[in-house]
Amino acid sequence: MKRRICIIGAGPSGITALKNLKDKDLEVVVYDRNLDVGGNWIFSENISHSSVFETTHIISSKTLSQYEDFTFDDFDATVADYPSHDELRRYFQAYAKHFDLYPFIEFETEVKHCKRINETQWNISIVQNGKERLEKFTDLVVCNGHHSVPRIPDYPGKFSGDFIHSHAYKKAAPFTNKRVLVIGGGNSACDVAVETSRVSKTTAISWRRGYRIIPKFFFGLPSDVVGARSAWLPVRIRSWFNDILLKIMLGSNKLYGLQEVKTKFGETHPTINDELLYKLRHGKVHPKVDIDRVDGQTVSFKDGTKEDFDTIIACTGYILKHPFFDSSFIDYSSGAVPLYLKMFHETYHNLFFVGMFQPLGCIWPGSELQSKLLANYLTGTWKMPSNISKLCKKEITHPHYRQIDTPRHTITVDYHQFRKALLKQLPKHWIYKTPKTQKANHD
């Protein structure tokens with residue numbers, strides 16, 4: 001039976017999935033709700049799909065954040081070590097143009113519902129131009145990302161000021177002369193605290209625990225490039241070494257008024273930020289512990305202190321959501337995610353996830369490798385292991401890092417170990433830079 005494959009999403013993972021399936025002459029259609037390629041990296045001041053804001057730069061360096069089939073040097077050798085959202089948007093769109101992907105993508109299209117009929121059929125309901133229609137495919141590849149449904153915190157009491165999630169934060173200007181409280185210790189929280197502190201009356205940042213802050217540069221090199229030099233070490237030893245290096249370079253959190261880190265390296269996601277510690281020591285950002293309750297504009301913290309704020313910005317992450325599936329079919333919004341190599345389901349062998357993992361590093365280099373493996377599976381050159389159920393369970397019982405039990409830490413992988421595991425399944429010569437000529441078929 002001839003395969004007809006649906007890909008949901010034309011972000012960084014979706015386009016590399018399309019490129020690599022197209023390389024194998026497979027019939028593919030991509031649906032995306034945006035106007036162009038790029039996913040979250042298409043900046044918009046409107047509250048939309050995008051979760052990047054005006055000053056966003058990627059937190060991994062370009063060396064470890066590129067497709068091997070189309071590197072940053074292939075695109076523009078002058079791109080910064082840590083590219084901006086606009087440089088990334090142009091990179092993804094150049095990738096799509098170089099490999100002639102646009103004819104296979106249907107933009108301004110919402111995928112409403114996906115129903116698996118059997119091993120060879122999916123019924124996909126889509127909406128285009130206000131009209132809903134049903135399309136049939138043999139296989140479904142999910143690349144919708146995992147930064148679109150905000151996770152909203154709940155505290156006793158009611159806040160009478162402005163309360164927003166970081167998904168709605170676009171730039172610092174609206175917070176000029178405001179008293180701002182940022183909740184969270186992740187990358188978005190620290191970036192928002194730094195940016196608002198430039199214009200606000202006061203900015204504070206509330207942490208519920210100690211977070212590990214990693215600078216973007218060590219010894220004049222991007223920190224992930226330095227880290228990659230010890231990738232040959234076992235994770236446990238590498239983590240110990242990284243912690244020692246951080247303590248030498250930065251000292252302890254208490255020197256900055258922050259809660260001490262009580263977890264081992266890798267047990268939580270590290271935060272990559274060069275400016276937060278500077279802002280703290282210059283009195284521009286004020287450290288706070290976890291929130292106890294809110295009353296009007298007054299926020300009470302668990303150390304007994306209180307302070308009034310005009311705005312709270314909750315940088316509290318996202319829910320892993322697939323709204324086009326019935327929750328009785330697939331629901332990864334809480335609990336473990338038992339997918340082999342973070343992509344293959346133990347039972348549904350015509351359903352695949354690409355880019356649904358959170359590396360201590362960048363996503364789309366891993367997505368590229370997943371896509372190549374998927375292409376080999378769909379064309380029969382790679383066979384799914386007979387012990388797929390056991391391998392799916394092993395993903396849960398033997399993670400790369402033993403992380404704390406929070407919703408944010410269900411899909412974490414070590415960048416280097418994950419890459420190695422995928423490469424093990426691919427042929428030696430897997431890089432393919434030549435554009436493949438193929439005619440799109442949307443019938």
Within region 163-192, the residues that are over 16 Å from the mean Cα position of the chain (by Cα), of a type in the set (Ser, Thr, Tyr) and under 29 Å from residue 362 (Cα atoms) are 169
Any residue that is in a loop (DSSP other than H, G, I, E, B), open to solvent by less than 40 Å² (accessible area, probe 1.4 Å) and in contact with a His (Cβ under 6 Å, 6 or more places away or on another chain) - is there at least one of those in region 303-321? yes
Tell me whether region 93-111 contains one or more residues that are more than 30 Å from residue 290 (Cβ to Cβ), free of Cβ contacts under 8 Å to residues at least 60 places away in the same chain and under 22 Å from the mean Cα position of the chain (by Cα). yes
Positions within region 246-265 being touching a residue at least 60 places away in the same chain (Cβ under 8 Å) and over 11 Å from residue 211 (Cα atoms), in sequence order: none
A careful count of residues in region 47-86 that are open to solvent by 30 Å² or more (accessible area, probe 1.4 Å), in contact (Cβ under 8 Å) with a residue 12 or more places away in the chain and β-branched (Val, Ile, Thr) gives 4
Take region 210-226 and flag every residue that is part of a strand (DSSP E or B) and touching a residue at least 12 places away in the same chain (Cβ under 8 Å). 213, 214, 217, 218, 222
Which count do you get for residues in region 339-359 that are open to solvent by 40 Å² or more (accessible area, probe 1.4 Å) and either within 27 Å of residue 92 (Cβ to Cβ) or touching a helix residue (DSSP H, G or I) at 6+ places or on another chain (Cβ under 9 Å) (or both)? 4
For residues in region 193-209 being in a strand (DSSP E or B) and under 23 Å from the mean Cα position of the chain (by Cα), which is surrounded by the most Cβ atoms within 10 Å (Cβ to Cβ)? 205
Can you name every residue in region 62-76 that is small (Gly, Ala, Ser) and either part of a helix (DSSP H, G or I) or modelled with pLDDT under 95 (or both)? none
When region 210-224 is checked residue by residue, the ones that are within 21 Å of the chain's Cα centre (by Cα) and open to solvent by 30 Å² or more (accessible area, probe 1.4 Å) are 216, 224
Within region 329-358, can you find the residues that are polar (S, T, N, Q), within 18 Å of the chain's Cα centre (by Cα) and in a loop (DSSP other than H, G, I, E, B)? 333, 334
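Here is a yes/no grid of residues against (1) modelled with pLDDT of 90 or more; (2) touching a Ser or Thr at 6+ places or on another chain (Cβ under 8 Å); (3) assigned to a loop (DSSP other than H, G, I, E, B); (4) open to solvent by 70 Å² or more (accessible area, probe 1.4 Å):
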| residue | (1), (2), (3), (4) |
| --- | --- |
| 405 | no, no, yes, yes |
| 422 | yes, no, no, no |
| 431 | yes, no, yes, yes |
| 435 | yes, no, yes, no |
Among the residues of region 360-392, the number that are in a helix (DSSP H, G or I), surrounded by fewer than 19 Cβ atoms within 10 Å (Cβ to Cβ) and of a type in the set (D, E, K, R) is 1
Considering each residue of region 163-195, count those that are over 16 Å from residue 56 (Cβ atoms) and free of Cβ contacts under 8 Å to residues at least 60 places away in the same chain, and give that number. 3
Which ones in region 227-262 are surrounded by fewer than 16 Cβ atoms within 10 Å (Cβ to Cβ) and in a loop (DSSP other than H, G, I, E, B)? 229, 230, 231, 232, 233, 234, 251, 252, 257, 260, 262
Mind checking which pairs have a first residue in region 334-363 that is β-branched (Val, Ile, Thr) and a second that is surrounded by fewer than 22 Cβ atoms within 10 Å (Cβ to Cβ), Cβ under 7 Å, 6 or more apart or different chains? 337/410; 337/411
Please count how many residues of region 12-46 are at pLDDT 95 or above, open to solvent by less than 30 Å² (accessible area, probe 1.4 Å) and assigned to a loop (DSSP other than H, G, I, E, B). 3
Identify all residues within region 361-391 that are at positive phi and modelled with pLDDT of 95 or more; write none if there are none. 380
Name the single residue that is surrounded by the most Cβ atoms within 10 Å (Cβ to Cβ) among those in region 97-147 being hydroxyl-bearing (Ser, Thr, Tyr) and assigned to a strand (DSSP E or B). 109
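The values are calculated or read from the model by the stated rules, or taken from the named source; none is laboratory data. This is a predicted model, so every value here is computed, not measured. Every residue, glycine as well, gets a Cβ built from its backbone with ideal geometry; the counts of neighbours run over all protein chains shown. When the accessible area is computed, the model is the full protein with side chains, heavy atoms only, and any ligands, DNA or RNA have been set aside. Shrake-Rupley method; radii C 1.70, N 1.55, O 1.52, S 1.80 Å.
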